[in-house]
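Computed from the coordinates by the stated procedures, all read-outs in this text should not be read as laboratory data. Just so we're clear, the structure is a prediction, and the values are computed from it rather than from any experiment. In this analysis, Cβ positions are derived from the backbone assuming ideal geometry, glycine residues included, and neighbour counts consider all displayed protein chains.
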Amino acid sequence: MALAIHLTRQIANAAALLLAVLVLNFCLIHLAPGDPVQVIAGEMGGASADVIAALRTKYGLDHSLMEQLAIYLRNVVTGDFGYSYYFNEPVLGLVLQRLPATLYLTSCALVSALVVGTFLGVVSARRPNGLFSHTVTVFSLAGYAAPIFWTGLMLLLLFGSVWPILPVVGMSDVVHRKQGLNYVLDVAQHLLLPSLTLALVFIAQYSRLARVNMIDALSADYVRTARAKGLPEWVVIGKHALRNTLIPTVTVAGHQFGNLFAGAVLVETVFSWPGMGRLVFDSILRRDYPTLMAVLFFSALMVMAANFLTDIVYRLIDPRIRMGQR
Amino acid sequence: MTTLEAPTLTIVSAIDMPARRATSPAGIAMRQFLKSPSGVVGLCLLALIIVGTLVGPHLYRVDPLDLVGAPFMPPDSDAWLGTDYLGRDVLAGLIYGGRATLAVGAVAALITIAIGLLIGSLSGFFGGVVDVVLVKITEFFQILPPLLFAMVLVTLFGSKLSTITVAIGAVSWTSAARLTRAEFMRLRDLDFVKASRAAGASDRHLMLRVLLPNALPAVIVSATLAIGVAILFEGGLSFLGLGDPNVMSWGLMLGQNRNYILDAWWAVIFPGMAIFLAVLAISLVGDGLNDAINPRLRRRS
């Protein structure tokens, strides 16, 4: 029962927030300088007079603002996020088509950042004043400060020109099309540099976080008890201390999905990765507003999904928190 | 009584406190800050960058928007750091561009902190319905990826430097608001605040004179880090072609030259390096400040 109430509340909250994003989109279209119809058509979309007139009727631009909002919301609910005159395609299809590539990139980067970051943090916490620990600290500061697109460009320069051993453009080899397992390997190879670039920033943050929390955990009573019981060190660290180290990292990682996505926009632009980020870049360049607005909406949706997942993982890792009894 | 107390005080100060040692909270924090090597390194680096952008134009008299030579000239004696894809001097771009980049960073961070302080303090101080509404608003802004939201704003409202600054400031205030709210809620129930309230202090007085000064240390650190984030955002926006084309900035140099990276690496590497060093310096200062004014966290660093 508690679980049902909790879930219902979560879903209602999510629906309200998504509605608010749509209202925000609507307000932005009307606040932007120029005629809303130009915004809806996209400035450089090359919409003809007929199209403009059709849009005016479709979005009810001669009606009151409230009626226009109702029309806009009704369109979205039926899956109509507008039409991209630059791509000559409905926006929804455009976004959904690019979504998988972005999800590969972000999930690959996120998982490797969590694993590598936690590993670095845990190892450096064993000797907080040792050489390795200091190296990790310096690396995490540098990783935080380096602009992600710049790191990407450096890697592109290194592996595209100085030492060309990895593909730096696109998602697969378009000249020599591959099949089956070879295709998967090809994509994995193309994925390497973009996901490394994206992961570096987060490895920097998670290693720092894991280091601090591991140092705290290692001085806690339960670790002393576990050692006193004569448990091997790897069990003490790997099982007892790690669990408490992971909780803050997972929370931060889950709630940073928005940053991860924004990072993906920049990384995809550097490496011409055909995902939503690349779509954002193209729509900015062409002033393709409907696409841009739809991406904003879907990114908010993904952020909420990530928060929801974090909530679940968090409850799984930390048995002290159970549904409904916080 | 007074004759008894006076000598005691003199003895204490003679033993424990060498002459003219600062004892104000700010003075103590300053001394703590100067003890942290990373903070001092960061401060020196930041000072160097700021002085460079202020004094540089008087020493290196080249207009950053002038075409001084052929495009893609490598670094040599004519143009110390080479020329970009149009033939503009890269070093001049770095010197002048730093002014715009740092200014955008500082002003955007100020906007971020101002919004965060306003929302967070109202929310934490009044609680109840005000809190519920403001927390909902904060929650709403949290689900929009800040950089993406800034991209949408700048695309819609035009890429003028002022628009860019406001857009960056307007999207990233949520963490400052949450921090301020938590600080206000923690302080609200402490005895000295209750005492002020009992003494008849108005809400305004309590918020501005009693709670705000005590919440500031936590906020100052987050304000410092906000400058770094804003500089990275400016870079990211310019990189995507949303920079102000009329004002030279580090991000603009990167964004305009990135397609020619194989022809002229210097026009991309140096501006990126400048952003990197500036953000590094700022986060080092932020770390140092954190150690100095948030003593509860000191042992963890």
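One table, with the values for the structure above:
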{"item": "Sequence-distant lysines (8 or more away, or on other chains) whose Cα lies within less than 24 Å of residue A:229", "result": "A:239"}
{"item": "Distance (nanometres) between label positions extended 7 Å along Cα→Cβ at residue A:111 and residue A:16", "result": "3.6 nm"}
{"item": "Cα-based shape type of the protein assembly as shown, given that a ≥ b ≥ c are square roots of the gyration tensor eigenvalues and the cut on a/c is 1.5", "result": "rounded"}
{"item": "Where Rh is the Kirkwood radius over Cα pairs, Rg/Rh for the range A:171-326", "result": "1.10"}
{"item": "Among A:53, A:142, A:241: highest mean-square fluctuation, GNM of chain A, C-alpha pairs under 10 Å", "result": "A:53"}
{"item": "Nonlocal amide H pairs with residue A:84, under 5 Å, H built at 1.01 Å", "result": "A:89, A:91"}
{"item": "Debye intensity ratio I(q)/I(0), log10, chain A, q values 0.07, 0.11, 0.14, 0.16 Å⁻¹ (C-alpha model)", "result": "-0.39, -0.87, -1.17, -1.30"}
{"item": "Residue order, fewest to most surrounding Cβ atoms within 10 angstrom, among B:31, A:320", "result": "A:320, B:31"}
{"item": "Hits among lysines - C-alpha to C-alpha of residue B:194 under 30 Å, sequence gap 8 or more where chains match", "result": "B:136"}
{"item": "Percentage relative contact order, chain B, counting C-alpha pairs under 8 Å, at least six apart", "result": "26 percent"}
{"item": "Contour minus Cα-Cα distance for residue B:26 and residue B:80 (0.36 nm per residue)", "result": "15.2 nm"}
{"item": "Cα shape, the range B:35-300, gyration tensor, a/c 1.5 rule", "result": "prolate"}
{"item": "FRET efficiency for residue B:55 and residue A:174, using Cβ-Cβ distance with R0 set to 56 Å, rounded to 0.05", "result": "0.65"}
{"item": "Share of alpha-carbon pairs per 5 Å distance bin for the range A:220-277, given as whole %", "result": "4, 17, 16, 10, 10, 9, 9, 9, 8, 6, 3"}
{"item": "Estimated Rh, the range A:2-77: Kirkwood, alpha-carbon pairs, angstrom", "result": "14.2 Å"}
{"item": "Two-site label geometry, residue A:75 and residue B:260: point separation in nm, points 7 Å out along Cα→Cβ", "result": "4.1 nm"}
{"item": "Rounded FRET efficiency, nearest 0.05, which uses the C-beta distance separating residue B:48 from residue A:315 and R0 of 35 Å", "result": "0.10"}
{"item": "Residue among B:57, B:245, B:213 with the largest mean-square fluctuation in a Gaussian network model of chain B, springs linking Cα atoms under 10 Å", "result": "B:213"}
{"item": "Residue A:305-residue A:184 FRET efficiency (beta carbon distance; Förster radius 25 Å; 0.05 resolution)", "result": "0.45"}
